[in-house]
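See structure below.
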Amino acid sequence: MEKEKAIALNNEGARHFLNQSFGKAEECYLKAYAIDPNNTSLLNNMGLFYQQQKAIDKSISFFEKAIAITVKPHFLVNLGNALSMKGKFELAWKKYFEANERFPEHENAKIGLAKLATHINKLDQAVQIWQSIIASNPSEQHKTQLVKVYMKKRAWERAIQLLNAMESDSKGGELWFLSGQCELQLKNYGLALKAFKSALAEEPDNTSYRHYLAMTYLGMGNVEEGLDQLIKNERLAPENPAILTDIAVVYMSKGDFDAASNYLNKALNFAPDFEKALYYKSQINSARQKQN
């Protein structure tokens, strides 16, 4: 009877957790834990709860308690995730590896290995693992992750080849954006423009997409069109110091130091310690001192 009550409280806590009622979720979990501290489903849920709350040491403790009772693949993967968040990458790798060795059909164990390999810059290994995952599950999501590893390796052509092999009809903003970044790095400006415009057609208010469209125009020497795109970004995010500073830099390239100073002052008004704005502000001051 008591164990059934613990199960009910665990389920109630999970519902509160999904509804982001975190205080109520913790209250239910703690009550259930007081009744049945050996319920592995509860222990795993508590680990996930404390991981979400950024109480990583508590999270690790509950995952370890669950594994001490029953070894399940998602318990190992969850522990690996928590250890990775803690920066204990070697231990995290061991947990993902153990999950993959003991439960080779559990895809999330391989995904954990691939993501960690990417994070710690074991990029060749990350490529191999993602290719292994894709061989059994060639989903667009997995292929996108492999594209990002190629990009981190600066293997732009390999990334483009994989992106081009995906169905163009299914490409969302992110895939067009990734294509544009690769084409820009390869100085294929026309293809980069097409890709960034396609990305913006999907998400017209995405300032990152528009920023890269602006950088492409600037790379082509079309300063006015690049500046126009940056000013459109300013309308979308008028308090973003990075956007304001980018506009200032373009005005500096045009020799309009008054306009540049105005935008740098705006940026520093919102973020007084913004290093890029401070740097260009000092450059303008130095140039004016030399003129005087």
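The values are calculated or read from the model by the stated rules, or taken from the named source; none is laboratory data. Since we're looking at a predicted model, the values are computed, not measured. Please note: Cβ atoms are built from the backbone with ideal geometry, for glycine as well, and neighbour counts cover all protein chains shown. Quick note on the areas: whole protein, heavy atoms, side chains included, nothing else; ligands and nucleic acids left out. Shrake-Rupley method; radii C 1.70, N 1.55, O 1.52, S 1.80 Å.
The residues of the stretch 120-133 that are buried (at least 16 other Cβ atoms within 10 Å of the Cβ) and over 19 Å from the mean Cα position of the chain (by Cα), listed by number, are Q125, I129, I133. Under the condition of being in contact with a His (Cβ under 9 Å, 6 or more places away or on another chain) and open to solvent by 60 Å² or more (accessible area, probe 1.4 Å), the residues counted in the stretch 226-242 number 0.
Of the residues making up the stretch 93-119, those that are open to solvent by 40 Å² or more (accessible area, probe 1.4 Å) and over 23 Å from V71 (Cα atoms) number 1. Selection of the stretch 22-53 for residues being polar (S, T, N, Q) and either farther than 25 Å from M85 by Cα or open to solvent by less than 40 Å² (accessible area, probe 1.4 Å) (or both) yields N38, N39, T40, N44, N45, Q51. Could you list, in sequence order, all residues of the stretch 11-40 that are within 15 Å of F62 (Cα to Cα) and aliphatic (A, V, I, L, M)? Answer for the stretch 11-40, where residues must be within 15 Å of F62 (Cα to Cα) and aliphatic (A, V, I, L, M): L30, A32, A34. State yes or no: is D246 part of a loop (DSSP other than H, G, I, E, B) and modelled with pLDDT of 95 or more? No.
Look through V249, V223 and report the one residue that is over 28 Å from the mean Cα position of the chain (by Cα) and surrounded by 13 or more Cβ atoms within 10 Å (Cβ to Cβ). I'd like the intermediate steps shown before the answer.
Numbers: V249 fails: over 28 Å from the mean Cα position of the chain (by Cα).
The unique qualifying residue is V223.
All conditions in (1) closer than 30 Å to N39 by Cα; (2) over 19 Å from the mean Cα position of the chain (by Cα); (3) among the aliphatic types (A, V, I, L, M) hold for L113, with the sole exception of (2).
Per-residue answers, yes or no, for (1) closer than 30 Å to K5 by Cβ; (2) out of contact with any Cys (no Cβ under 7 Å at 6 or more places or on another chain); (3) among the small types (G, A, S):
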| residue | (1), (2), (3) |
| --- | --- |
| K24 | yes, yes, no |
| Y50 | yes, yes, no |
| S59 | yes, yes, yes |
| I69 | yes, yes, no |
| V77 | yes, yes, no |
| K86 | no, yes, no |
| L91 | no, yes, no |
| I111 | no, yes, no |
| V127 | no, yes, no |
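Applying the condition of being of a type outside the set (K, R), over 16 Å from A195 (Cβ atoms) and open to solvent by 30 Å² or more (accessible area, probe 1.4 Å) to the stretch 140-179 and asking which residue is nearest to the chain's Cα centre (by Cα) yields Q145.
Residues that are open to solvent by 80 Å² or more (accessible area, probe 1.4 Å) and assigned to a helix (DSSP H, G or I) within the stretch 72-89 comprise just one, M85.
Scanning the stretch 190-220 for residues being of a type in the set (F, W, Y), more than 23 Å from the chain's Cα centre (by Cα) and open to solvent by 50 Å² or more (accessible area, probe 1.4 Å) gives a total of 0. Is the stretch 44-57 home to any residue that is under 28 Å from H142 (Cβ atoms) and at pLDDT below 95? No: the stretch 44-57 contains no residue that is under 28 Å from H142 (Cβ atoms) and at pLDDT below 95. Within the stretch 3-16, identify whether any single residue is open to solvent by 80 Å² or more (accessible area, probe 1.4 Å), outside any helix (DSSP H, G or I) and either at pLDDT 95 or above or not hydroxyl-bearing (S, T, Y) (or both), and answer yes or no. There is no residue in the stretch 3-16 that is open to solvent by 80 Å² or more (accessible area, probe 1.4 Å), outside any helix (DSSP H, G or I) and either at pLDDT 95 or above or not hydroxyl-bearing (S, T, Y) (or both). Which members of the stretch 252-279 meet the condition of being crowded, with 18+ Cβ neighbours inside 10 Å, within 15 Å of L227 (Cβ to Cβ) and either in contact with a His (Cβ under 9 Å, 6 or more places away or on another chain) or of a type outside the set (A, V, I, L, M, F, W, C) (or both)? Passing the criteria: only Y263.
Candidates are the residues of the stretch 236-292 that are in contact (Cβ under 8 Å) with a residue 12 or more places away in the chain and of a type in the set (D, E); the one that is nearest to D205 (Cα to Cα) is E239.
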